[in-house]
Amino acid sequence: MDTNKCPVCGNPGIPNYLNEAVVCPHCGSDLKIYRKVSELVEVQTQATDGTKKYKILSVVLPLIAIAATATVCLLSNPKQQETYYTQYIESKKLVDQLKDSVSVLNAQIQKNTSVPGDYVDYVVVKNDSPWGIVYKLYGSRSDWEKVAQTIAEDNGIWDDARKKWKEIHPGQVIRIKK
């Protein structure tokens with residue numbers, strides 16, 4: 001028997017649920033949904049239209065993850081509900097991260113990531129900060145504050161009175177010099 005772990009309860013010793021229909025003998029969860037997600041991702045990575053691929057994933061994956069977790073929570077016994085709720089919260093965080101990644105990829109596909117000249121369009125994602133943006137584009141730098149200020153000034157999001165960035169929002173596009 002394979003030593004795969006159940007993605008719901010974490011118990012080992014189940015068959016590979018990505019290759020066949022499996023119901024976990026430990027928690028009773030039907031793992032077909034995980035197989036379907038895997039197949040969807042595999043099919044979508046072979047798609048030729050990148051924009052369509054990421055849009056589909058951005059809609060389908062969060063719905064599947066939330067529905068699967070909610071179903072498991074409702075069907076489990078009361079003692080396991082707290083564990084499943086924790087797993088649900090972790091899954092929701094992962095889904096949010098996936099959504100952010102998908103929005104960045106969609107924006108890059110639509111804009112082809114470059115603009116005329118020596119600039120790159122950067123799409124702000126949830127929880128982005130000036131330091132985070134500089135780190136993503138330039139790596140760890142001791143002069144990150146100066147670089148972040150230059151980026152903000154170039155984009156009209158620098159507040160001279162408070163000497164800090166104005167508020168930025170997910171989906172906002174910032175033009176950054178290469």
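Descriptive notes on the structure:
- The simple spin-label model puts a point 7 Å past each Cα toward its Cβ; for L94 and V23 those points are separated by 2.4 nm.
- Footprinting exposure proxy for T69, T83 (fewest neighbouring C-beta atoms within 10 Å first): T83, T69
- A crude spin-label estimate for the pair Q172 and R141, with each label 7 Å from Cα along the Cβ direction, gives 1.9 nm.
- Cα gyration tensor shape of the range 114-177, rounded if a/c is under 1.5, else prolate or oblate by comparing a/b with b/c: rounded
- Subset of K126/K164; K5/K36; K93/K163; K99/K177; K136/K164; K5/K136 violating a 22 Å alpha-carbon distance limit: K93/K163; K99/K177; K5/K136
- Table column - 3J(HN,Hα) (Hz), the range 7-19, Karplus curve with 6.51, -1.76, 1.60, x for Gly and Pro: x, 8, 9, x, 6, x, x, 9, x, 5, 6, 7, 10
Read the figures in this text as sums done on the coordinates, not as results from a lab. On a predicted model such as this, the values are computed, not experimentally measured, just so you know. No Cβ is skipped: glycine too gets one built from the backbone with ideal geometry, and neighbour counts run over all protein chains shown.
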